[in-house]
Amino acid sequence: MKTEQNFISFDGVSYFYEGGESPAINNINAEIRRGEFIAVLGANGSGKSTLARHMNALLLPSRGRVLVNGMDTRNADKTMEIRRLVGMVFQNPDNQLVAALVEEDVAFGPENIGLEPGEIIARVDAALRVAGLENLRNRPPHLLSGGQKQRLAIAGALAMRPDCLVLDEPTAMLDPGGRKEILSLLLNFKKERGMAMVFITHLMEEALLSDRVWVMARGRIIADGSPRQVFRDTRLLDNAGLEPTPAALTAARLKKAGWDLPDDILDLDELVDFLCRL
Amino acid sequence: MPIIRVEKVCHTYSPGTPLEVAALKDITLEVQRGEILALAGSTGSGKSTLAMMLNGLLVPTKGCVLVNGQDTRLKKNRRDLWRQVGLVFQYPEYQFFEENVFKEVAFGPSNMGLPSAEIEERVNRSLEWVGLDPETIRQRSPWTLSGGQKRRVALASVLAIGPNVLVLDEPTAGIDPAGKRQILDLIKNLQKKRDLTVVLITHNMDDIARTADRLMVLDRGTVFALGTPGKIFEDHRGLRAIGLDIPYAAEAKSRLNSAGIPVQTESLNIAEVEKEIIKYLRLKKQ
Amino acid sequence: MFDGLMVGQYIPANSPVHRLDPRTKILSMLLLITAAALAKGTGFLPVAAVSVFALLLSRVPFLFLWRGFKALWVILFITFILQIFFTPGETIYTAGPLTITKEGLLLGGQMLLRLVLLILISSLLTMTTTPVGLTAGIEHLGRPLQRFGVPVHEMAMMMTIALRFVPTLLQEAFTVSRAQQSRGAGLSGVTLERKFTALVSLMVPVFAGAFRRAEELSTAMETRCYHGGAGRTKMKLLTYHPGDYMALAVSLAVPLAVLALRLSGSNGG
Ligand SMILES: Nc1ncnc2c1ncn2[C@@H]1O[C@H](COP(=O)(O)OP(=O)(O)O)[C@@H](O)[C@H]1O
Ligand SMILES: Nc1ncnc2c1ncn2[C@@H]1O[C@H](COP(=O)(O)OP(=O)(O)O)[C@@H](O)[C@H]1O
Ligand SMILES: [Mg+2]
Ligand SMILES: [Mg+2]
């Protein structure tokens with residue numbers, strides 16, 4: 001059964017912010033399967049964050065409905081269960097850390113759902129290990145680097161043992177080094193498979209890691225497919241205020257100059273490979 | 001004569017305490033009139049600290065900064081420095097406080113004590129310079145603008161003061177690709193047409209490749225490299241080791257070369273690299 | 001100027017004082033402060049001895065405390081001066097309308113000593129206890145009050161968050177102030193109107209920033225299933241160890257000793 005596989009599904013979801021004339025997201029129909037890695041791309045203001053906040057009942061649809069593991073997000077009795085299943089990491093590393101010590105911050109979620117101290121400690125240890133923060137467990141968060149803070153935020157979400165992790169532009173405020181730390185962590189999660197991931201970004205290169213890409217523009221998902229399918233459509237990207245990867249641009253220009261290149265080259269590896277074989 | 005000289009500058013926060021941080025260690029730098037100088041380095045490398053030295057907000061704990069030959073250690077020289085060296089902070093939209101764009105941009109000129117006709121003229125002119133239509137935008141609340149528009153209003157609010165030097169602290173952080181490109185083009189244009197000297201702080205290497213004449217790379221408060229971007233970006237391993245990237249064009253050059261496709265150009269302009277590829281393809285075809 | 005360091009800020013270390021249960025430290029602080037308030041003459045000896053001993057044990061660099069005193073020296077000094085000049089008694093020295101009395105000197109000295117001890121004792125608590133530990137301790141000790149409808153958990157949570165964000169907000173205030181200075185705020189502000197605008201230019205962004213952070217933080221907390229104190233558990237259970245009983249016994253002995261010294265009449269004042 002297909003629905004069995006769907007972990008989160010959107011049925012005709014629209015959302016209006018208070019005082020907003022047009023919907024921030026508009027008639028969204030989409031689903032996220034178990035273990036799937038989805039990248040969400042779109043210009044500022046295209047509705048990415050609004051969409052993400054529907055995935056764990058931070059926002060409730062004005063129209064339509066969102067189901068998480070079969071539970072309607074509007075059902076207030078299920079809110080805690082849904083939030084345990086769907087963890088979320090935000091853009092600003094400073095504004096999502098609660099406690100004054102790294103390990104206490106990771107423990108915050110498990111404490112909220114009333115786990116036994118022994119279980120909390122086991123989860124905190126495991127999450128810190130996965131995020132590579134064991135050596136920093138007794139540091140105050142404000143002394144960490146940007147990349148470390150975001151890894152801490154991810155560890156805090158992991159400690160809830162979620163089935164899905166939603167990351168809302170977690171790399172936007174980081175330097176290239178911090179960005180790489182986060183990306184390699186996400187790549188590890190992908191290899192292990194278990195957990196679904198929704199990764200919001202406006203960098204094409206980052207979206208290449210995913211199984212599936214959603215492109216958002218003006219509150220709608222205007223494309224849904226593999227990175228290769230989606231990124232070859234330059235008109236679509238342009239319409240969404242996005243830029244193709246630099247390697248794709250090079251390939252396009254070489255093609256225009258009369259050379260026969262495929263139109264689905266995405267990164268430098270593929271470009272160089274192809275040129276060598278030409 | 002360079003417009004700004006930074007001589008053997010050190011800066012230490014919380015000196016004499018266990019939480020002492022040496023943010024800058026022995027930095028020497030000359031900013032030449034009319035150039036775009038990029039300043040790169042990972043977070044915490046001291047970029048913002050150096051930026052605040054350039055307009056006298058911070059005074060070095062050792063060494064000195066000379067702006068137009070005037071030493072910023074003297075209070076009387078610091079007083080009017082904000083008119084000569086405009087500093088656009090990181091996420092400048094967080095410093096908005098006025099109810100409309102006109103007032104926001106007029107804040108600087110009003111603090112100069114200019115007559116209102118002159119203020120009006122400066123506001124309109126600087127909004128035009130950043131590509132915004134003064135008539136349609138002046139009454140709007142700055143909070144309701146899009147991310148890219150907010151940045152440009154913030155830039156206009158500093159340009160309205162009429163500085164010779166513009167220091168921009170990560171001006172494209174958090175902006176989407178289209179907005180980023182607009183802002184960079186704008187900066188390049190301003191430097192060319194308005195005879196501005198620009199110090200551009202960023203850790204986006206493609207931005208640097210696209211705009212900068214010279215580059216200084218900071219690493220934990222020390223100068224890692226100072227020179228032309230083309231030269232500095234040859235050291236891929238070094239830059240990666242200090243948490244930076246290299247621009248696409250440089251990466252492409254090195255990958256192509258090691259795959260046996262010769263790319264000779266010094267330039268970081270991707271068009272030049274592509275010309276070389278085409279040259280190679282033509283040769284191969286024959 | 002703010003440079004990332006605050007008086008009384010937690011200083012990580014692994015000393016015997018750091019390892020004490022936060023409840024022990026809170027109770028001891030209350031006991032020692034009571035003792036300092038009651039002390040007179042030789043009564044200061046046990047309070048000072050125990051406080052200094054704890055300070056040495058805690059391995060907190062003396063410099064931190066010194067900064068604390070530096071920040072408050074104006075208050076200390078004014079208190080001292082007021083006592084010296086405005087206490088009637090046996091005159092030692094006269095300068096114009098002002099007279100210094102023996103009683104004034106004594107009282108002023110005691111007041112000064114008392115304030116210094118107060119600062120020392122309370123800084124010791126905050127410098128050796130994590131904010132989380134501190135709030136957990138307060139929450140625990142305040143638990144009996146819950147029965148009377150006092151929202152102890154919520155108050156403790158608010159305190160944790162306030163402590164966590166004070167450095168960030170201060171840093172932000174300085175950034176905004178510097179940014180507005182770069183646009184000329186408060187530099188050539190001669191007219192009242194311009195001074196007022198300069199003030200607004202600081203206040204509005206700082207408050208807007210605090211609200212933005214508060215909103216983002218509460219979203220992040222909700223995401224992690226926070227829903228108040230009901231059904232919440234703790235990773236670190238508070239448990240008393242032998243050291244705690246010892247510390248409590250010593251702290252309890254101090255006010256008793258002070259009282260005994262006062263009653264036996266061997267006071268200096
Ligand atoms: N709290 C809010 N109140 C009113 N409008 C909002 C709010 N948050 C977002 N919006 C509007 O909703 C639209 C989508 O925003 P958002 O989901 O944040 O986009 P993105 O994350 O893609 O940048 C935008 O037009 C934005 O102005
Ligand atoms: N107000 C301050 N107090 C103490 N340390 C600071 C302060 N501002 C910056 N620092 C420290 O100085 C170093 C350089 O910071 P900064 O100049 O902001 O770097 P960048 O802009 O390159 O990220 C960092 O280690 C930072 O933690
Ligand atoms: Mg967003
Ligand atoms: Mg900075």
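The values are calculated or read from the model by the stated rules, or taken from the named source; none is laboratory data. Everything quoted here is computed from the prediction, not taken from an experiment. Reconstructed Cβ throughout: ideal geometry from the backbone, glycine too, with neighbour counts over all protein chains shown.
With a requirement of 3 or more residues that are free of Cβ contacts under 8 Å to residues at least 60 places away in the same chain and of a type outside the set (Asp, Glu), the helices (runs of 4 or more DSSP H) lying completely within segment A:198-278 that satisfy it span A:227-231, A:234-239, A:246-256, A:268-277.
Within the option set A:Leu60, A:Leu41, A:Leu85, A:Leu115, being within 16 Å of ligand 3 (Cβ to nearest atom) and not β-branched (Val, Ile, Thr) holds for one residue only, A:Leu41. On the stretch given as segment B:114-144, residues that are small (Gly, Ala, Ser) and within 25 Å of B:Tyr94 (Cβ to Cβ) total 3. If you go through segment B:1-27 and keep only what is in a loop (DSSP other than H, G, I, E, B) and either more than 14 Å from chain C (Cβ to nearest Cβ) or on the phi < 0 side of the Ramachandran plot (or both), you end up with B:Met1, B:Pro2, B:Ile3, B:Pro15, B:Thr17, B:Pro18, B:Leu19, B:Glu20. Residue-level analysis places C:Ala185 outside the set of residues that are of a type in the set (A, V, I, L, M, F, W, C), farther than 30 Å from A:His54 by Cα and touching a Phe, Trp or Tyr at 6+ places or on another chain (Cβ under 6 Å). Out of A:Asp163, A:Asp125, one residue alone is farther than 26 Å from A:Ile38 by Cβ and acidic (Asp, Glu). It is A:Asp125.
When restricted to residues that are in contact with a helix residue (DSSP H, G or I) (Cβ under 8 Å, 6 or more places away or on another chain) and either closer than 30 Å to B:Ala173 by Cα or facing another protein chain (nearest Cβ under 7 Å) (or both), segment A:104-120 contains 10.
Looking across segment C:32-69, the residues that are assigned to a helix (DSSP H, G or I), under 18 Å from the mean Cα position of the chain (by Cα) and not aliphatic (A, V, I, L, M) come down to C:Thr34, C:Ser51, C:Ser58, C:Phe62, C:Phe64, C:Trp66, C:Arg67, C:Gly68, C:Phe69. Here A:Ala172 fulfils each of the conditions (1) more than 14 Å from chain B (Cβ to nearest Cβ); (2) within 16 Å of ligand 1 (Cβ to nearest atom) apart from (1).
For (1) outside any loop (DSSP other than H, G, I, E, B); (2) surrounded by 16 or more Cβ atoms within 10 Å (Cβ to Cβ), each residue gets a yes or a no:
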site: C:Gly184; (1), (2): no, yes
site: C:Arg194; (1), (2): yes, yes
site: C:Thr197; (1), (2): yes, yes
site: C:Phe207; (1), (2): yes, no
site: C:Glu215; (1), (2): yes, no
site: C:Met221; (1), (2): yes, yes
site: C:Gly228; (1), (2): no, no
site: C:Thr233; (1), (2): no, yes
site: C:Ala247; (1), (2): yes, yes
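Against the conditions (1) in a loop (DSSP other than H, G, I, E, B); (2) free of Cβ contacts under 8 Å to residues at least 24 places away in the same chain; (3) in the same structural domain as B:Ala38 (by TED's automatic domain parsing), B:Arg181 satisfies every one except (1). Restricted to segment A:44-70, and to residues there that are near ligand 1 (Cβ under 8 Å from one of its atoms) and touching a strand residue (DSSP E or B) at 6+ places or on another chain (Cβ under 7 Å), the residue that is nearest to the other protein chains (Cβ to nearest Cβ) is A:Ser46. Taking the stated definitions as given, is B:Leu50 at pLDDT 95 or above and either aromatic (Phe, Trp, Tyr) or within 14 Å of ligand 2 (Cβ to nearest atom) (or both)? So B:Leu50 passes the test.
Given the criteria more than 12 Å from every other protein chain (Cβ to nearest Cβ) and within 16 Å of ligand 1 (Cβ to nearest atom), does A:Thr73 qualify? Spelling it out, it is not the case that A:Thr73 is more than 12 Å from every other protein chain (Cβ to nearest Cβ) and within 16 Å of ligand 1 (Cβ to nearest atom). Is it the case, given these coordinates, that A:Ala257 is at pLDDT 90 or above and within 26 Å of B:Ile277 (Cβ to Cβ)? So A:Ala257 does not fit the description; no.
Looking at segment B:141-178, which of the residues that are within 16 Å of ligand 2 (Cβ to nearest atom) and assigned to a loop (DSSP other than H, G, I, E, B) is farthest from the other protein chains (Cβ to nearest Cβ)? Among those that are within 16 Å of ligand 2 (Cβ to nearest atom) and assigned to a loop (DSSP other than H, G, I, E, B), it is B:Pro171. Does segment B:87-103 include one or more residues that are free of Cβ contacts under 8 Å to residues at least 60 places away in the same chain, among the aliphatic types (A, V, I, L, M), surrounded by fewer than 23 Cβ atoms within 10 Å (Cβ to Cβ) and away from ligand 1 (no atom under 16 Å from the Cβ)? No. One residue alone among B:Gly260, B:Gly230 is in contact with a helix residue (DSSP H, G or I) (Cβ under 9 Å, 6 or more places away or on another chain) and in a loop (DSSP other than H, G, I, E, B), and that residue is B:Gly260. Scanning segment B:184-213 for residues that are buried (at least 18 other Cβ atoms within 10 Å of the Cβ) and either part of a loop (DSSP other than H, G, I, E, B) or basic (Lys, Arg) (or both) returns B:Leu196, B:Thr202, B:His203, B:Asn204, B:Arg210, B:Ala212. Report yes if A:Leu136 is away from every other protein chain (no Cβ under 11 Å), among the aliphatic types (A, V, I, L, M) and under 26 Å from C:Leu170 (Cβ atoms), otherwise no. Here the answer is yes, as A:Leu136 does meet what is asked.
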